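Following: one structure in structure tokens, then a few remarks.
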Amino acid sequence: MRISALRGTVRSAVLCATVAMCAAPASADSYYSGKRITLLINFAPGGSTDVQGRFFAKYLTKHLAAKAGDAPPSIVIQNMEGGGGVTGVNYLGEIAPKDGTTIGYFSGTAWQSINSPQMFRIDYRNYDFIGYEPGTTIYFARRALEPALNSAADVVSVKSLVAGGLSFTSDKDLRHRLTLDMLGVPYRYVTGYQSSSQARLAIQNRELDFFSEAPGTYLTAIEPELVQGSKLVMPLYYDPQVVNGEFRVPKAIAGAGLTSFPDLYRKIKGTLPTGPQWDAYLSVITVTAAMQRLVVLPPGTNQTAAATLREAIVAVNEDKDFETEGQRVLGYRPEVLSGGDVKEQVGKMLTSSPDVLQYLAKYGSERPR
């Protein structure tokens with residue numbers, strides 16, 4: 001499926017959820033009966049966060065509508081990019097209403113809140129988290145480098161490449177730089193893209209050589225179009241999940257035949273990395289793989305609204321259509337976790353060691369050329 005087709009499929013699905021509201025109404029009234037909900041996405045249209053957010057919106061509205069009687073709610077999408085995703089977070093915390101009618105669907109903010117808390121005008125831990133989605137990122141590079149890539153391991157032999165990102169302090173940029181530095185790959189870094197879709201276009205225009213995408217975009221667009229189709233790029237590695245100190249293959253890419261960064265490094269170097277860059281990488285992926293996406297309400301939101309949304313998200317995650325259509329549209333089975341204690345769960349995960357944060361403060365300030 002082409003990227004444009006993927007966007008159209010998801011947007012059409014959301015439009016159906018917004019206008020038609022075909023879910024069968026229940027007799028009980030709901031807090032959201034007749035309300036207009038805004039799903040605030042913190043990156044520009046066309047990127048993986050936007051595509052997955054629009055798909056999630058369809059099923060969230062479906063399950064809110066199931067309790068809304070004769071007055072189902074509607075949902076609209078608002079994209080608010082900037083600051084590596086933090087602009088939308090600050091808007092939600094400072095300006096958005098606290099009645100549950102504006103919901104944040106955020107990517108890249110979990111690590112930002114730990115590593116760069118000064119960017120957040122309200123402490124992120126005070127927001128009302130109502131759901132989170134585990135995930136991973138797949139890194140890829142243009143084949144036509146010097147020398148050309150014939151395998152992922154060849155990346156350590158290239159003379160130089162141009163890597164791209166969203167913001168120097170974003171977890172995506174840090175992971176890009178840390179993995180390339182550990183492998184010893186010489187690179188020039190270009191950041192400030194407003195969305196992954198812009199950076200993806202730069203790859204296609206030969207302006208960038210190296211980038212990464214979430215599973216939804218990689219499996220439905222990058223792999224069929226740019227890996228198998230035009231053969232423009234080659235997958236290099238992905239970030240594994242870290243659970244109790246062990247590496248695991250994320251569910252979203254199980255069976256995709258991809259190699260994790262630790263496995264590629266060990267294949268090339270004979271052992272796993274050591275040192276502060278490795279410690280920093282592990283800290284970043286431990287947070288970001290657990291909370292690749294966060295579903296968030298402003299601090300002080302009406303708790304009836306929050307409880308209603310948590311119940312709806314649990315229902316979304318148990319919906320067989322969500323699984324089946326997610327596999328078809330996104331290329332994998334999405335998983336958005338929620339429940340009565342989700343706020344406390346997320347709060348506990350928003351931590352990292354002082355030594356790692358001190359190292360990354362210095363590392364992040366040494367901007368590569």
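The values are calculated or read from the model by the stated rules, or taken from the named source; none is laboratory data. Predicted model only: the values in this text are computed from it and were never measured. Please note: Cβ atoms are built from the backbone with ideal geometry, for glycine as well, and neighbour counts cover all protein chains shown.
Here the condition is being modelled with pLDDT of 95 or more and surrounded by 15 or more Cβ atoms within 10 Å (Cβ to Cβ); of Thr288, Thr259, Thr274, it holds for Thr259 alone.
Among the residues of segment 8-36, those identified as farther than 30 Å from Gly192 by Cα and either modelled with pLDDT of 50 or more or β-branched (Val, Ile, Thr) (or both) are Thr18, Val19, Asp29, Ser30, Tyr31, Tyr32, Ser33, Gly34, Lys35, Arg36. Restricting attention to segment 341-366 and to residues that are at pLDDT below 90 and exposed (fewer than 11 other Cβ atoms within 10 Å of the Cβ), the residue that is nearest to Thr136 (Cα to Cα) turns out to be Lys348.
Pick out the one residue from Thr308, Thr217, Thr301 that is over 18 Å from Leu180 (Cα atoms), part of a helix (DSSP H, G or I) and assigned by TED's automatic domain parsing to the domain that holds Phe56. Only one candidate passes the filter, namely Thr308.
Scanning segment 335-354 for residues being under 19 Å from the mean Cα position of the chain (by Cα), outside any strand (DSSP E or B) and closer than 21 Å to Glu318 by Cβ gives a total of 7. Between Ala68, Ala5, the distinction of being farther than 26 Å from Gln194 by Cβ and modelled with pLDDT under 85 belongs to Ala68 only. Within the option set Glu323, Glu311, being under 15 Å from Leu64 (Cα atoms) and at pLDDT 90 or above holds for one residue only, Glu311. The residue that is nearest to the chain's Cα centre (by Cα), counting only those in segment 53-82 that are small (Gly, Ala, Ser) and buried (at least 22 other Cβ atoms within 10 Å of the Cβ), is Gly53. Taking the conditions (1) under 20 Å from Pro117 (Cβ atoms); (2) touching an Asp or Glu at 6+ places or on another chain (Cβ under 6 Å) in turn, Thr351 satisfies each one other than (2). Within segment 301-313, can one find any residue that is closer than 24 Å to Arg248 by Cβ, free of Cβ contacts under 8 Å to residues at least 40 places away in the same chain and not polar (S, T, N, Q)? There is no residue in segment 301-313 that is closer than 24 Å to Arg248 by Cβ, free of Cβ contacts under 8 Å to residues at least 40 places away in the same chain and not polar (S, T, N, Q).
Condition (residue is touching a strand residue (DSSP E or B) at 6+ places or on another chain (Cβ under 9 Å), within 24 Å of Thr102 (Cα to Cα) and small (Gly, Ala, Ser)) applied to segment 269-289: is it met by at least one residue? The answer is no, given that none of the residues of segment 269-289 is touching a strand residue (DSSP E or B) at 6+ places or on another chain (Cβ under 9 Å), within 24 Å of Thr102 (Cα to Cα) and small (Gly, Ala, Ser).
Results for (1) out of contact with any helix residue (DSSP H, G or I) (no Cβ under 8 Å at 6 or more places or on another chain); (2) part of a loop (DSSP other than H, G, I, E, B); (3) not assigned by TED's automatic domain parsing to the domain that holds Lys231, shown as yes or no for each residue.
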| residue | (1), (2), (3) |
| --- | --- |
| Pro147 | no, yes, no |
| Lys159 | yes, yes, no |
| Thr169 | no, yes, no |
| Thr179 | no, no, no |
| Arg188 | yes, no, no |
| Ala202 | yes, no, no |
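Contact map, segment 194-208: residues that are under 13 Å from Phe140 (Cα atoms) paired with residues that are in a helix (DSSP H, G or I) and aliphatic (A, V, I, L, M), Cβ distance under 7 Å, separation 6+ or inter-chain. Pairs shown: Leu208/Ala199; Leu208/Ala202.
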